[in-house]
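The values are calculated or read from the model by the stated rules, or taken from the named source; none is laboratory data. The model shown is predicted, which means the values in this text are computed figures rather than measured ones. Quick reminder, even Gly has a Cβ in these numbers, built from the backbone with ideal geometry, and neighbours come from all protein chains shown.
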4 protein chains.
Amino acid sequence: MTLRVGVIGVGAIGQDHIRRLTHVISGARVVALTDVDAQRAQSAAGSLDGARVHATGQDLIDDGDVDAILVTSWGPTHEEYVLASIAAGKPVFCEKPLAPTPDACLRIVKAEVARGRRLVQVGFMRRYDAGYRAMKKGLARGTLGAPLLAHCAHRNPTAPPYGFTSEMMISDSAVHEIDIVRWLFDQEIAAGTVLKPRRTTLGDPNLQDPLIMILEMADGVVVDVEVFVNCGYGYDIRCEVVAESGTVALSDGGEIVITSNGLHSRPVPADWRERFVRAYDVELQEWVEVVSAGDASGPSSWDGYAAAAVVERCLEALQSGQRSTVQLEDRPELYRTPGGTNAVEQSTEGHRASR
Amino acid sequence: MTLRVGVIGVGAIGQDHIRRLTHVISGARVVALTDVDAQRAQSAAGSLDGARVHATGQDLIDDGDVDAILVTSWGPTHEEYVLASIAAGKPVFCEKPLAPTPDACLRIVKAEVARGRRLVQVGFMRRYDAGYRAMKKGLARGTLGAPLLAHCAHRNPTAPPYGFTSEMMISDSAVHEIDIVRWLFDQEIAAGTVLKPRRTTLGDPNLQDPLIMILEMADGVVVDVEVFVNCGYGYDIRCEVVAESGTVALSDGGEIVITSNGLHSRPVPADWRERFVRAYDVELQEWVEVVSAGDASGPSSWDGYAAAAVVERCLEALQSGQRSTVQLEDRPELYRTPGGTNAVEQSTEGHRASR
Amino acid sequence: MTLRVGVIGVGAIGQDHIRRLTHVISGARVVALTDVDAQRAQSAAGSLDGARVHATGQDLIDDGDVDAILVTSWGPTHEEYVLASIAAGKPVFCEKPLAPTPDACLRIVKAEVARGRRLVQVGFMRRYDAGYRAMKKGLARGTLGAPLLAHCAHRNPTAPPYGFTSEMMISDSAVHEIDIVRWLFDQEIAAGTVLKPRRTTLGDPNLQDPLIMILEMADGVVVDVEVFVNCGYGYDIRCEVVAESGTVALSDGGEIVITSNGLHSRPVPADWRERFVRAYDVELQEWVEVVSAGDASGPSSWDGYAAAAVVERCLEALQSGQRSTVQLEDRPELYRTPGGTNAVEQSTEGHRASR
Amino acid sequence: MTLRVGVIGVGAIGQDHIRRLTHVISGARVVALTDVDAQRAQSAAGSLDGARVHATGQDLIDDGDVDAILVTSWGPTHEEYVLASIAAGKPVFCEKPLAPTPDACLRIVKAEVARGRRLVQVGFMRRYDAGYRAMKKGLARGTLGAPLLAHCAHRNPTAPPYGFTSEMMISDSAVHEIDIVRWLFDQEIAAGTVLKPRRTTLGDPNLQDPLIMILEMADGVVVDVEVFVNCGYGYDIRCEVVAESGTVALSDGGEIVITSNGLHSRPVPADWRERFVRAYDVELQEWVEVVSAGDASGPSSWDGYAAAAVVERCLEALQSGQRSTVQLEDRPELYRTPGGTNAVEQSTEGHRASR
């Protein structure tokens, strides 16, 4: 009854998921590992109880003791491992991005459709955050009317130290907002524009930091997303949806209020780990439960593809300074039925209720 | 020592200012009135202690007992009365708009410059709101670094019942944000764009409600302004400035928290009167003080002109769907010295300190 | 139509009220002054337009040009001037305390009853604070049910530098809470107890700082009041009423939110002036209006007497460590009718509506 | 490496812990069950993978495959099972109360001391709540100075439907505050008093609802605790500690803000399950980790004893209307060393860091 998981790629994020599967959540065990750096794989296996080390991802996928695959290797390798998992008929959880280009994502979508059932879940963990879930529930209740607008902000205290680029502000940071608004509104994104405000002097001068992304949903909802990766003060994620009769927004969180030195203060999370630690836990817990039940839910290959397509067009808009429209392929039937995007919420509700 | 004020136009806003001068603030008295509707002028005078009724605005301005003029007549008549007040060398407070077109405003600016001293104050009362003033002070302190972005929302519960148009969402509603960001950042606006989200079904279907205005300041700060005049739930004005090391925002106000029925709740103001009642009082009190001291401060003719020019370009942008740049005349010396825009804050601080 | 006010006592608080009557509110003029320090009186008169200086309070009260009296002299002298004002049939506003002992207050009550109309208003300005008024309105609406409990805190950043005593924490600080809960609940206080927590090491070691006062209303509502006069961080007044179906509380105010250095922060007022500046203005404005109309409202002699009686019993409780019951005289009819305590709210509402 | 847990008592709370051990947390498995109702035990075992059903608690404790015991049976039976677990040298987690009387708790303390190591953890789950933990950390940082006071409120929407008594408001509800302030301040409680405000008419008229408990810590800190079990509006737990230079308080939580119908609103939890679901999860996860490492932490037998002693004295105070002092036995060395109360926080920190 324990799900036996094989992990491909044991860098920082891979190790974090191994810790989560081993020490935090219930119902799973890491039984096999592989990494491009064999020594790193050995060392990671050392701390686990009898986990096998495989030479290649394909070997791991072929291992009869592996029930499901977790892909946390370098982005460009995702496609190969996800396709192999589908070929093997095994459920696979793939960290974002599903693949680096819309075309690569589409190959995965097509392979999954050909296989005839959903096997792939993409690591858009915000859908498992209690705040966003409460927002979606608040909108679904219907009393606020139809959504018209959303305002988002994605602020990091500092950009990563290595060569972080303006493009990565969209492909690595804002991609989370791209996914979450598709999910919140159950709508595709039809166009994107990128505005370039005055730059902060407190970061890399080559970076267009901050920037504003304007997303237009298929039904006309307009979303503005501020991306500011050197905001200095903390990790601050905001989202307010404006609907016909009211709004719903993430609160500023904070477990406590400290009053001192002339101020009532609530702490801002220091980084994304602190902000979304629970979302990562719940994401993997639900994946283990759903997969163990022979089912699928959560962000699908289609969601990975759509996000990649929007990112590509927003990068185009960043360069051109113009509005870019997004053209998606037709959405296959597989992603419209239970087990598809809409099923996420149902699964969530069921889970909640069972508590 | 009491400032003797003559009021031109005694409709709703004129009567409200008469009430304020008579019953709320100190140091002024309404001594003369005129209105296009002579009977309405008589009736308004009836409740005042010995106020004279004049046949025309010019007569009122010429009245030797009138020290200063308050223009609250129909917008298209403002120019005539303000120019006449300047010609008479008398201080004049003119409700917004200063005049309906940038050209008309510019004629006032030129007349005032020719006269050689500031006599005109325009009724942009938000500069006297405690929240905006605290924001400006917070930015001036310098610890947050340079401003980069601002997010604003201007929400009314319902649009006025008469023929309110999408154009008026800019010229009547968002004009307040146009003025306030010029004042907050001490910068002109260089360009404007208007986005058209999905419309609410709960208002006039001919109205582009909500809309989003994107303003670009001369130094690159980008401001997004949501204007939503049928938001349904209350009168809600938001403003957050994002600077290099932190942000400053209007709080949600509310004097009390009510906890009941599963909710902690803070009231939203019902309308603009409730939200800005104090700003109107302080605006007029400071005008009376400054004018009585033979000085001038607050929003100037130049500010009235700049706002009109930005409104005109944003209306162009609304129609074209394109970005419109704003070209202003050169700013005369008169509006750069104390008594000009910058002096507002000084005057405020002095006022505060004297308390 | 302008109320001609004579001021007895032109120390700090007297001068502040003179400034308010002269420069802030409408409908009044200071025409006469007196002070135990004749030079101080002369100097205060110097800045006013033709105000007369009287040798004694009695002379000022007798002055035919004085319509109403403001008593802001040293507490022990209040009784004499208030009694003389009543004898002269002139409205008198007396800063708290009405008189230093319950007996002295009672003599005023009896004189006023003998005169047959309300002439005295006591300076309990919190009843004019927008927050407390919204709380009272929230309770009056009835949807929260009957009040059962209240939690209050009265925190000053530092105790006054001169010989401030533990007794003054009750008679000077907590007396405001004593009045406000009587007003909020329209109930007398039946008993008091004082608890003595661990003392702060950051103030005068002789001071029982903080202390907790437990007040029991006649109908059983229990109120705990924390008094902490060296809290260090700011001036922080809290009040939450717990009723049968919900609670209503003062919000933490604050016009703005500053986000920086890992914190979302709202400013705490620096001192009582900042916190209650508007309450003082509204208090005096309403007094001028009501008195000019030949009427009376606001905190009455009876309220001054009841507060003094409760203070006396709480001081007893502070010393004994025991619960002290409060025995009040019978409340005269004069204080039960419009123009009495209940009328405050009506007057407020009327005032609001007229805006 | 998986901790094999035996559960004594499979009523609602027992089944909830079984679900938690099986489906939520990592590193444990329920291998044995027993219940006074044999059929209920069988049925609970049915949903588990190979869990044995024992006829008695003693049999379960003696089972060689059971590494650790979870006692969730009826309160009066706790002592027997905990003592038997200690005798068997097996770690035991016992739901509160540890035992119904201070004397019974003391027998457990003595047995554990005789055994020479900590084996018992008591189910005071609030110590694992993120809010209280952040408060304790905020106080430990030292910048707020020494704590002087605390204000707590414990509000339930409705009292349990069966014969809930005023005594149970202390022994079942406020016992959580009794434990949490001992832990927050690392201090014993020296005395208690109970105040009886006006009762709500919306609950059982025989209940003293609400009541206020005044706790005095050994070092003089005074804590007031409002207990209101029919507050109607939700489950609302508040705690503010007032220290020498500032305060720290639980925030009002709430993941989202909904703005509609004239209100900005944050949801209040519906019940204790919703409010403390994470605290229960973390509590049991840490117990499994610590016990698997051969260690002990969290609320000890001593904490169970101290809570019972304070409850007993507060019940005395409820009846007498007088202040009751608390006399505890001398605290054995076992509860002063790592693995004792102080170790909780260390364990927490380590746990956090390891994430």
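Some points to look at:
- Residues being assigned to a helix (DSSP H, G or I) and among the hydroxyl-bearing types (Ser, Thr, Tyr) - total across the stretch D:145-182: 3
- Residue within the stretch D:326-335 that is modelled with pLDDT of 95 or more, of a type in the set (A, V, I, L, M) and outside any helix (DSSP H, G or I) present: yes
- Residues of the stretch B:82-104 satisfying the condition of being touching a strand residue (DSSP E or B) at 6+ places or on another chain (Cβ under 9 Å) and either within 18 Å of B:Asp303 (Cβ to Cβ) or without any contact (Cβ under 8 Å) to a residue 12 or more places away in the chain (or both): B:Val82, B:Ser85, B:Ile86, B:Pro91, B:Val92, B:Phe93, B:Cys94, B:Glu95, B:Lys96, B:Pro97, B:Leu98
- Tally, over the stretch A:292-324, of residues that are in contact (Cβ under 8 Å) with a residue 40 or more places away in the chain, over 19 Å from A:Val113 (Cβ atoms) and not in a loop (DSSP other than H, G, I, E, B): 10
- Residue satisfying all of: in the stretch A:69-109; β-branched (Val, Ile, Thr) and touching a His at 6+ places or on another chain (Cβ under 8 Å); nearest to A:Trp287 (Cα to Cα) among these: A:Val71
- When A:Gly253 is tested against the conditions (1) part of a loop (DSSP other than H, G, I, E, B); (2) within 30 Å of B:Gly321 (Cα to Cα), the lone failure is (2).
- Against the criterion of being within 14 Å of chain A (Cβ to nearest Cβ), touching a residue at least 60 places away in the same chain (Cβ under 8 Å), crowded, with 17+ Cβ neighbours inside 10 Å and not acidic (Asp, Glu), D:Leu119 does not qualify.
- Test for A:Glu240: is it more than 9 Å from chain D (Cβ to nearest Cβ), of a type in the set (Asp, Glu) and either under 22 Å from the mean Cα position of the chain (by Cα) or part of a helix (DSSP H, G or I) (or both): no
- Residue count, the stretch A:1-24 (criterion: surrounded by fewer than 24 Cβ atoms within 10 Å (Cβ to Cβ) and in a loop (DSSP other than H, G, I, E, B)): 3
- Residues satisfying the stated conditions in the stretch B:201-223, i.e. of a type outside the set (A, V, I, L, M) and either modelled with pLDDT under 95 or crowded, with 24+ Cβ neighbours inside 10 Å (or both): B:Gly203, B:Asp204, B:Pro205, B:Asn206, B:Asp209, B:Pro210
- Residue match in the stretch A:50-58 (condition: within 29 Å of D:Ala51 (Cβ to Cβ) and touching a strand residue (DSSP E or B) at 6+ places or on another chain (Cβ under 9 Å)): yes
- Within the stretch D:34-87, the set of residues being acidic (Asp, Glu), in a loop (DSSP other than H, G, I, E, B), surrounded by fewer than 16 Cβ atoms within 10 Å (Cβ to Cβ) and at pLDDT 95 or above comprises D:Asp37, D:Asp65.
- Matching residues, the stretch C:291-314, being assigned by TED's automatic domain parsing to the domain that holds C:Ala114 and surrounded by fewer than 21 Cβ atoms within 10 Å (Cβ to Cβ): C:Ser292, C:Ala293, C:Gly294, C:Asp295
- Residue count for the stretch B:215-231, restricted to those that are at the interface with another protein chain (Cβ under 7 Å from one of its Cβ atoms) and assigned to a strand (DSSP E or B): 4
- Within the stretch A:183-204, being assigned to a strand (DSSP E or B) and more than 24 Å from A:Arg127 (Cβ to Cβ) holds for A:Thr193, A:Val194, A:Leu195.
- Some residue of the stretch A:182-192 being under 23 Å from B:Met217 (Cα atoms) and buried (at least 23 other Cβ atoms within 10 Å of the Cβ): yes
- Tally of residues being more than 18 Å from A:Lys96 (Cβ to Cβ) and among the β-branched types (Val, Ile, Thr) across the stretch A:292-325: 1
- Some residue of the stretch B:92-105 being outside any helix (DSSP H, G or I) and surrounded by fewer than 16 Cβ atoms within 10 Å (Cβ to Cβ): no
- Filtering C:Asp252, C:Asp224, C:Asp271, C:Asp236 for residues that are closer than 22 Å to B:Val268 by Cβ, in contact (Cβ under 8 Å) with a residue 12 or more places away in the chain and assigned by TED's automatic domain parsing to the domain that holds C:Arg199 leaves a single hit, C:Asp252.
- Looking across the stretch D:244-289, the residues that are more than 9 Å from chain A (Cβ to nearest Cβ) and within 19 Å of D:Lys137 (Cβ to Cβ) come down to D:Glu244, D:Phe276, D:Ala279, D:Val282, D:Glu283, D:Glu286.
- Any hit, the stretch B:234-241, residues being on the phi > 0 side of the Ramachandran plot and modelled with pLDDT of 95 or more: yes
- Considering D:Ala146, D:Ala104, D:Ala140, D:Ala150, the condition of being touching an Asp or Glu at 6+ places or on another chain (Cβ under 6 Å) and either in the same structural domain as D:Cys231 (by TED's automatic domain parsing) or of a type in the set (Ser, Thr, Tyr) (or both) is satisfied by D:Ala146 alone.
- For the stretch A:256-269, a residue qualifies if it is in a strand (DSSP E or B) and either under 17 Å from A:Trp183 (Cβ atoms) or of a type in the set (Gly, Ala, Ser) (or both), and the qualifying residues are A:Ser260, A:Ser265.
- Residue within the stretch B:128-144 that is modelled with pLDDT of 95 or more, away from every other protein chain (no Cβ under 14 Å) and not in a helix (DSSP H, G or I) present: no
- The requirement of being in contact with a strand residue (DSSP E or B) (Cβ under 8 Å, 6 or more places away or on another chain) and among the polar types (S, T, N, Q) is fulfilled somewhere in the stretch B:280-299, by at least one residue.
- Residue count for the stretch A:224-241, restricted to those that are surrounded by fewer than 22 Cβ atoms within 10 Å (Cβ to Cβ), within 21 Å of A:Val194 (Cβ to Cβ) and touching a Pro at 6+ places or on another chain (Cβ under 7 Å): 0.
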